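Undergrad: Below: one structure in structure tokens.
The values are calculated or read from the model by the stated rules, or taken from the named source; none is laboratory data. Since the structure is predicted, the reported quantities are computational estimates derived from the model, not experimental observations. Note that we place each Cβ from the backbone using ideal geometry, even for glycine, and neighbour counts take in every protein chain shown.
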Amino acid sequence: MRFSPHRQTGFTLIEITVVVVILATMSAMSLYAINQAFDRRYQSQAENLLVWLNQLTEQAALEGVAYGIVGGVEGVGGDEGAQQEEKLQPVAYFRQHWFVTSYPEAFDLDNGARAEWAITYNNQYDDIEDPLAGEEDALVPIVAMLPDGYMEPMGELLLSFDSSPLTYTFKWDAESGSMTMLKSTP
């Protein structure tokens, strides 16, 4: 047998193209899986918030005490330049004062999550004198879950994330006496 001194070494163009196509396909599949994992994380936080809001409603009905929520950014009718909170704190109304509760615990928002309230105020309560108006350190919730199955004032909570176009809207459903969640993308 005779060996040729000019034996070809390396890869052909077709072999390199096949490898590039395989790598590109694997990268695209990985990127898609990572995006789905982030979307599941956002969905999970929104579902946990829905459970927490309904837990406040049930707690108000069980104890016969109004429960409110302090935190988030108030939208309509509120202070637009308010500092964003990193958690939603439940408060309970007892003897004409709002008190921070230990149960249920405060709802911590993950990094990059924003909770904004869009509140519709009712003018019929404008003439009622606020007993807490003279107190500087008084807690005043943004919304209150009442023991008879209502939320005052009516409005919605918008949960959005810095790194995602997803927005979750939480609205009060008067028929069921609980919060409902809608997912939307721009």
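Undergrad: Could you tell me whether any residue of region 163-174 is aromatic (Phe, Trp, Tyr) and under 14 Å from residue 47 (Cα atoms)? Break it down into steps so the answer makes sense when it comes.
TA: If we filter region 163-174 for residues that are aromatic (Phe, Trp, Tyr), which is where we start, we get 168, 170, 172.
Retained after the next criterion (residues that are under 14 Å from residue 47 (Cα atoms)): 168, 170.
Taking every residue of region 163-174 in turn, at least one turns out to be aromatic (Phe, Trp, Tyr) and under 14 Å from residue 47 (Cα atoms).
Undergrad: Can you tell me which residue among 16, 22, 34 is at pLDDT below 90, surrounded by fewer than 15 Cβ atoms within 10 Å (Cβ to Cβ) and hydrophobic (A, V, I, L, M, F, W, C)?
TA: Working: 16 fails: at pLDDT below 90; 22 fails: at pLDDT below 90.
After ruling out the rest, the residue left standing is 34.
Undergrad: Tell me, which strands (runs of 3 or more DSSP E) lie completely within region 137-183 with 3 or more residues that are closer than 14 Å to residue 113 by Cβ and of a type outside the set (S, T, N, Q)? Step through it out loud before you land on a result.
TA: On the way: elements: 143-146, 150-152, 155-161, 164-173.
By residue number, 155-161, 164-173.
Undergrad: Given the conditions (1) modelled with pLDDT under 90; (2) loosely packed, with under 13 Cβ neighbours inside 10 Å, which single one is not true for residue 64?
TA: Tallying (1) modelled with pLDDT under 90; (2) loosely packed, with under 13 Cβ neighbours inside 10 Å, residue 64 fails exactly one: (1).
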